[in-house]
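Data block below; observations after.
The values are calculated or read from the model by the stated rules, or taken from the named source; none is laboratory data. Predicted model, so just to flag it, every value in this text is computed and none were measured. All Cβ positions, glycine included, derive from the backbone under ideal geometry; neighbour counts span all protein chains shown. Calculation scope for accessible area: heavy atoms of the full protein, side chains included, ligands and nucleic acids excluded. Shrake-Rupley method; radii C 1.70, N 1.55, O 1.52, S 1.80 Å.
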Amino acid sequence: MFELFEDKDGQGIKYYKSSILNNLGLAHAFTTRLINSRSITDFTLGTGGNTALEYIVSKNRKKICKILNLSEKKIVVPKQEHTNNVKIINNSNEDITQTDGVITANPDIVFLLQFADCAPIILYEPDQKVVGIIHAGWKGTAGRIICNAVKKFEDNFDIKPKNILASIGPTIGQCCYPVSKDVYSKLKNSVNISSCQAFKKTHYDDKIYVDLKKLNQRQLLEVGVENIDISVFCTSCNNDLFFSYRAEHGKTGRHSAIASILV
Ligand SMILES: [Zn+2]
């Protein structure tokens, strides 16, 4: 279940937390674009390619860290490039180019990844306290990036998949995500069964509508992760609440998934 929170210092920054993670004391948030500020209309945590926003983005990143009580920690923002690469990050000056998934056991690190329609997924193992954030658009999903991440939890920390909790945040919904036949066939091959209701044909066009959240849920189940919390929101239908690349034709800000281990 995803619960809405609002910061208390009066700026009205609104963000969601996933109850399965919050109950176990992981500092995290799935942010929205909402803020009650006269000078800022949107709470963006990424420039979306608009360099004029760099200053405000850096201020906003500090703000959300403060709200989550993470001000003394080091923010790591990987260079997301729609790959299926997942890296273990031990300190804040590691190579994070071409990185769409990051994992750490270091409580001094804060992960912040940026989204506008793609699926934000937080993975957490509460016994050893290992956290990861994954960026899964269609390319990452076709490349089973979430399974790569689970494998890293197993290989590097000897963690059993059934002990991992997963939260899939606000993502473009099946209602708003038609894809080409080529993309469909790549996504179909990313899961073992095609009947997981992730694909829908309509009678009014010949497109195939894809549910990225269901595909990532299916991939998680296939590799043994059972405890999965999924946000109900479609970022495109709820464009007042979230940034949507599709709904805004590519020109938009970025909401975020943020996570850091509490000691
Ligand atoms: Zn929608």
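Of all the stretches in the chain, which is the longest one without any exposed loop site, taking GluC sites (Glu not before Pro) in a DSSP loop (any state but H, G, I, E, B) with at most 13 other Cβ atoms within 10 Å?
Values: sites that count: Glu72, Glu81, Glu226.
Longest gap between qualifying sites, sites excluded: 82-225.
So if I take the centroid of the Cα atoms in the stretch 76-147 and the same for the stretch 167-217, what is the distance between those two points in Å? Cα centroid to Cα centroid, the span is 22 Å. Taking all protein chains together, Cys176, Cys65 sort by accessible area into Cys176, Cys65, largest first [probe 1.4 Å].
Computing the accessible area with a 1.4 Å probe over protein heavy atoms, can you report the carbon and sulfur percentage for the stretch 197-263? Accessible surface attributable to carbon and sulfur in the stretch 197-263 totals 50 percent. Ser71 contributes an accessible area of around 70 Å² to the protein surface, as traced by a 1.4 Å probe with all chains present. 3J(HN,Hα) along the stretch 18-30, derived from phi through the Karplus expression 6.51 cos²θ - 1.76 cosθ + 1.60 where θ = phi - 60°, amounts to 8, 4, 5, 8, 5, 5, 9, x, 7, 6, 7, 7, 10 Hz, with x in place of Gly and Pro.
Taking all protein chains into account, the per residue accessible area for the chain stands at 46 Å² (1.4 Å probe).
Per 0.36 nm of contour for each residue apart, how much would the distance between Asp9 and Leu221 grow if the chain were fully extended, relative to their Cα-Cα spacing?
Values: separation 212, 0.36 × 212 = 76.32 nm, distance 4.00 nm.
Going from the current span to full extension adds 72.3 nm.
Using a simple spin-label model with pseudo-atoms 7 Å out from Cα toward Cβ, Asp108 and Lys201 lie 5.6 nm apart.
Got a sec? What order do Ser190, Ser185 fall in by accessible area at 1.4 Å, biggest, i.e. largest, first? The partial results should precede the final answer.
On the way: Ser190 0, Ser185 45 Å².
Heavy-atom accessible area, descending, gives Ser185, Ser190.
For Asp9, the solvent-accessible surface computed with a 1.4 Å probe is close to 110 Å², ligands and nucleic acids excluded.
Ranked from the most accessible area to the least, with a 1.4 Å probe and all protein chains present, what is the order of Asp42, Asp108?
Details: Asp42 50, Asp108 90 Å².
From most accessible down to least: Asp108, Asp42.
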